[in-house]
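Beneath this line is the structure, given in structure tokens, with notes to follow.
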Amino acid sequence: MLNIVLFGPPGAGKGTQSAKLIEKYGLAHLSTGDIFRANIKGNTELGKLAKSYMDAGNLVPDEVTIKMLESEVKKSPNANGFIFDGFPRTTPQAEALDVFLEGFDTTIHQMVSLQVPEEELVKRLLLRGAESDRPDDKDETIIRNRINVYNEQTAVVADFYTKQGKYSSIEGVGAVDDIFGRICQVMDRLNAKA
Ligand code: AMP
């Protein structure tokens, strides 16, 4: 089993690279953003709760997010491993994930962190906003708030995994396949160790 946290600010390319990783390594993909958006679409109670936070570009409260993530993991008992995309976004989320995975006799094996300069992120997100129906990608003020939230509340999660010796930094600018190649080097090293 191989569990990866794919990390990076909004617009770093986590979704794009996740799709390629799923295809190559057969891992289950859990994107908390996607799960929240599916709940908003389905008009569930969880969706209603998450929407106001997401529309403003703020984090959904830890308690709600952790509970949701845990119930999603339990839905895939036979997975080869997971790519966690957009989770954990706070240190309490990372701590909860460690405890939860321990209960299944597993752990996070590596955090793969995509590095992209801020102005490139804004450019990418505005472009995505023009091509999708994501409201949080359409407004530059909200985009900049999401990046600030990342810098203030989420970036620190990298320290959590660095302390455990599980942190890899990846240059996230350039051709999609070149970035994927860099991630694969990390994945193949992990697989060789397993
Ligand atoms: P994303 O699709 O990962 O960019 O997430 C979109 C939005 O969903 C974020 O701006 C947050 O409002 C919410 N969200 C996603 N994942 C989390 C998380 N782990 N913790 C709190 N809020 C989250």
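The values are calculated or read from the model by the stated rules, or taken from the named source; none is laboratory data. Small disclaimer: the values here were computed from a predicted structure and weren't measured. Backbone-built Cβ (ideal geometry, glycine too); neighbour counts: all protein chains shown. The accessibility values were calculated without ligands, DNA or RNA, using every heavy atom of the protein model including side chains. Shrake-Rupley method; radii C 1.70, N 1.55, O 1.52, S 1.80 Å.
For the reader, a short list of remarks on this structure follows.
- Positions within region 56-81 being more than 14 Å from the ligand (Cβ to nearest atom) and either under 12 Å from Asn3 (Cβ atoms) or of a type in the set (A, V, I, L, M, F, W, C) (or both), in sequence order: Ser76, Ala79, Asn80, Gly81
- Within region 156-174, the set of residues being in contact with a strand residue (DSSP E or B) (Cβ under 7 Å, 6 or more places away or on another chain) and open to solvent by 50 Å² or more (accessible area, probe 1.4 Å) comprises Tyr167, Ser169, Glu171.
- Among the residues of region 70-81, not a single one is under 22 Å from Ala12 (Cβ atoms), surrounded by 14 or more Cβ atoms within 10 Å (Cβ to Cβ), modelled with pLDDT of 95 or more and of a type in the set (A, V, I, L, M).
- If only residues of region 90-103 that are out of contact with any Phe, Trp or Tyr (no Cβ under 8 Å at 6 or more places or on another chain) and in contact (Cβ under 8 Å) with a residue 12 or more places away in the chain are counted, the one that is nearest to the ligand (Cβ to nearest atom) is Thr90.
- Residue satisfying all of: in region 12-37; surrounded by fewer than 17 Cβ atoms within 10 Å (Cβ to Cβ) and more than 24 Å from Val122 (Cα to Cα); nearest to the ligand (Cβ to nearest atom) among these: Ile22
- Checking region 38-55 against the condition returns no match, with no residue being in contact with a helix residue (DSSP H, G or I) (Cβ under 7 Å, 6 or more places away or on another chain), of a type in the set (Val, Ile, Thr) and either more than 10 Å from the ligand (Cβ to nearest atom) or under 27 Å from Gln110 (Cβ atoms) (or both).
Residue-wise test of (1) touching a helix residue (DSSP H, G or I) at 6+ places or on another chain (Cβ under 8 Å); (2) within 14 Å of the ligand (Cβ to nearest atom).
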residue	(1), (2)
Val112	yes, no
Leu125	yes, yes
Arg134	yes, yes
Glu140	yes, no
Ile143	yes, yes
Thr154	no, yes
